[in-house]
Amino acid sequence: MNSATEGIELVLDDPGLQALREAARLSPDNLPLRRHLAEQLLTRGYLADAEAEFRAALVLAPQDADVTAGLAEAFVRQSAYGAALSALEPFLAAPGYPPRLGIVAARALLGEGETSKAAYRYHEAVSRDPSVADSELESRMTIPAVAPSGPPAPVHAPLEEKPGEVERSKLTFADVAGMDAVKESLRIKLLLPIQQPELFAAYGKRAGGGVLLYGPPGAGKTHLARAAAGELGASFVDVGLADILDMYVGSSERNLRATFDLARRNRPCVLFFDEVDALAARRSDMRQAHTRQLVNQFLAELDGVDQNANEGVLVLAATNAPWYIDGAFRRPGRFDQMVFVPPPDAAARAAILRILCRDKPLAEMDFDAVARATEQMVGADLKGVVDRAVEVKLQQSISAGRPIPMSTADLLAAAKGTRPTAVREWLATARNYVLHANESGAWDELMPWIKAK
Ligand code: ADP
């Protein structure tokens, strides 16, 4: 039995489930029983427990597609999208995989904001098995078509983005609304050592070490990392860890090394790893040997072969599920600082909207009113609202033959039709994980949010 299963302490208030669990405890090798228990836990929303049971079942049947789908679903519902994708990846890489897995993958991709990849997986799965269709999921992948003419463009997802394109970011911290505390801590951690090396040297501090950004999906972690690069005048390398893991066995290490080398050749550089939970989750379950190698490689690259290897390379990583990150990543010199990127409050939402509408033709705007009407929304949702309003306006302007400025009412109407990302669910998950696990103070920044719930 793996350690995750032994750690279950939650008392279930459901006698039926309790009995099932007791039965599973008595015959731990009974796969159908374990699977049934796991599925029941998942259905009733005991997500961490379901995850542990699916993991235990996977030990019994490593190739079982249904168990993998269940595990991935448990990950998705805990916002661990990277972990879900890496659990699914061995299956998705083979043609003709069970369509149900494609649906879970679509959910995970959607959680990561990869709408077109999600749509690709979804449609591919449904084309092979119409019974897996899910209209609710489908509605989240399509922006209502208000395009001026013709059907919406077909979705062709580039499934293999090559890791390691060097970007020049035009964004700076001025393009990131709110988050003053977050910007300040990044400034001290990342920017000052580079901008004022003498000052840091005088105090015997070495630049280096990474920062782990965590928070609900869509709250602006990627945006912030890109802005940090621009603020610093550094180049920017954006790496989706799931992309690195997508490569066939054995070449992941090479990809990782190549990515670090690319950053080193382009210093000063911000090297950004999205979905780091993908790596940490791998370490704790499947394909141990190969995984451990990759994690070790990652840690070795972070540590740098010699003292100066990573000078001028600032490593940022982001995750929606920081509780999955292995302790080894958080040691000094690695991701020794964790920064919470919170969901925006009303003032921050107004500021984000102002930034998003900056270059648009506008009537007089009451951004505060829109902020009040978008209570559960994060930056990514607000971007959706503005994009939608702009499309409507564009269409009206085309019919009218002149530009019609966008108004408060347009944004309010678009907000009505936008479903917010699940911030509340994210906070509930976070609460489960961290409320009783803050001895080291790692979650201090998150605590007020969780307690305010
Ligand atoms: P995450 O990486 O946390 O999932 P993103 O950085 O991808 O979120 O955010 C999605 C989009 O939302 C960004 O591209 C940006 O346009 C917008 N956005 C999010 N937060 C902010 C912010 N604080 N200020 C301005 N725009 C923001």
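Only protein heavy atoms count here; on that basis, with a 1.4 Å probe, Ser139 has an accessible area of about 70 Å². Its Cα gyration tensor gives the range 30-96 an equivalent ellipsoid; the semi-axes, largest first and in whole Å, are 18, 15, 8. With a simple spin-label model that places each label point 7 Å from the Cα along the Cα-to-Cβ direction, the separation between Ser139 and Arg44 comes to 2.9 nm.
Put a dot 7 Å past the Cα of Asp180, heading toward its Cβ, do the same for Asp66, and the two dots end up 5.6 nm apart.
Diffusion of the range 3-141 by Stokes-Einstein, at 25 °C in a medium of 0.890 mPa s and with Rh set to the Kirkwood radius over alpha-carbon pairs, works out to 159 µm²/s. Summarised in one figure, the compactness ratio Rg/Rh of the range 318-443, Cα atoms and Kirkwood Rh, is 1.14. Computed from point charges on the beta carbon alone (+1 for Lys and Arg, -1 for Asp and Glu), the dipole magnitude for the range 372-453 about its Cα centre is near 340 Debye. Between Arg257 and Ser407, the C-beta separation translates, for a Förster distance of 60 Å, into a calculated FRET efficiency of about 0.70. Return the carbon/sulfur percentage of the accessible area of the range 3-141, one whole number, probe 1.4 Å, all protein chains in place. Here it works out to 53 percent.
Projecting the Cα positions of Ser27, Gly70, Thr43 onto the charge dipole of the range 3-141 (unit charges on Cβ atoms of Lys, Arg, Asp and Glu, taken about the Cα centre) puts Gly70 furthest along the positive direction.
The alpha carbon radius of gyration of the range 346-416, expressed as a multiple of 2.2 N^0.38 Å, is 1.04.
The values are calculated or read from the model by the stated rules, or taken from the named source; none is laboratory data. Not measured: the values here are computed from a predicted model. Neighbour counts run over all protein chains shown; Cβ positions are idealised from the backbone, glycine included. Quick note on the areas: whole protein, heavy atoms, side chains included, nothing else; ligands and nucleic acids left out. Shrake-Rupley method; radii C 1.70, N 1.55, O 1.52, S 1.80 Å.
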